[in-house]
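The values are calculated or read from the model by the stated rules, or taken from the named source; none is laboratory data. Please read all numbers here as calculations on a predicted model, not as lab measurements. When we count neighbours, we look across all protein chains shown, and the Cβ atoms used for this are built from the backbone with ideal geometry, even at glycine.
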Amino acid sequence: MGIEAYLFRIRFKKKVDYSELDNFLKKYGFKVVESHDKDYKESFYELKSRKGVTEAHVYIGPDKDKLDSFYVRFSVISPPLVIEQTFDFFAALNEKSDLEVQDTEISNHEFLTTTKLDDRKIVDMEIPDEETYEKIMKKTVIPIDAKKFRENELGIRKRSMVLVKSWRKKPIRCQDTLRRMRRDAMLHLHYLEE
């Protein structure tokens with residue numbers, strides 16, 4: 001899927017069997033794209049529909065049968081309907097196993113905000129103290145609600161990229177996010193021309 005993916009970490013409140021999750025994903029409509037099971041178990045899945053592509057990545061270490069988390073993502077260039085597809089999946093899985101959804105882009109946003117660095121200096125970013133880290137990680141847990149996700153209260157850039165098509169129909173609230181998107185696009189074009 002590439003670097004511009006919107007990533008979620010799904011954390012189970014009680015560990016689940018690898019095979020149980022694998023079966024659920026397949027029954028829900030995900031197809032296995034790649035799988036390894038020699039020293040460890042790892043599988044990559046795709047759910048393709050007219051709404052877009054939602055991917056899942058499940059990994060479990062050697063000699064283990066249960067896991068407490070896995071990852072789900074979609075491309076930021078997907079149609080905005082991929083949000084509904086992904087959140088419908090979260091809701092269905094939550095009915096089967098109690099879970100919480102962590103939005104990794106919130107942690108990226110918060111780390112950049114608390115360290116007051118822009119995107120280009122992220123490699124120089126200092127790791128925050130443990131208390132700040134815990135506060136940030138608590139903020140990453142989001143409700144399983146596509147409508148709330150679409151509101152994008154924090155103005156998260158990757159989320160805005162998926163929503164940009166629907167923004168044209170109503171007033172834009174995140175001017176700063178759009179400016180950064182345009183700046184990044186111009187920088188990208190500049191480097192392509194060199």
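Structure notes:
- Any hit, the range 163-171, residues being at pLDDT 50 or above and surrounded by 14 or more Cβ atoms within 10 Å (Cβ to Cβ): yes
- Selected residue (criterion: surrounded by the fewest Cβ atoms within 10 Å (Cβ to Cβ)) from residues of the range 9-54 that are touching a Lys or Arg at 6+ places or on another chain (Cβ under 7 Å) and of a type in the set (A, V, I, L, M, F, W, C): 24
- Of all the numbered requirements in (1) at pLDDT below 95; (2) in contact with a helix residue (DSSP H, G or I) (Cβ under 9 Å, 6 or more places away or on another chain), residue 42 misses one, and that requirement is (2).
- Of residues in the range 1-43 being touching a residue at least 40 places away in the same chain (Cβ under 8 Å) and hydroxyl-bearing (Ser, Thr, Tyr), the one farthest from residue 159 (Cα to Cα): 19
- Scan of the range 54-66 for residues that are hydrophobic (A, V, I, L, M, F, W, C) and either part of a loop (DSSP other than H, G, I, E, B) or at pLDDT 95 or above (or both), ordered by number: 56, 58
- The set of residues from the range 89-109 being touching a residue at least 24 places away in the same chain (Cβ under 8 Å), more than 17 Å from residue 138 (Cα to Cα) and either part of a helix (DSSP H, G or I) or in contact with a His (Cβ under 9 Å, 6 or more places away or on another chain) (or both) comprises 89, 90, 91, 92, 93, 94, 96.
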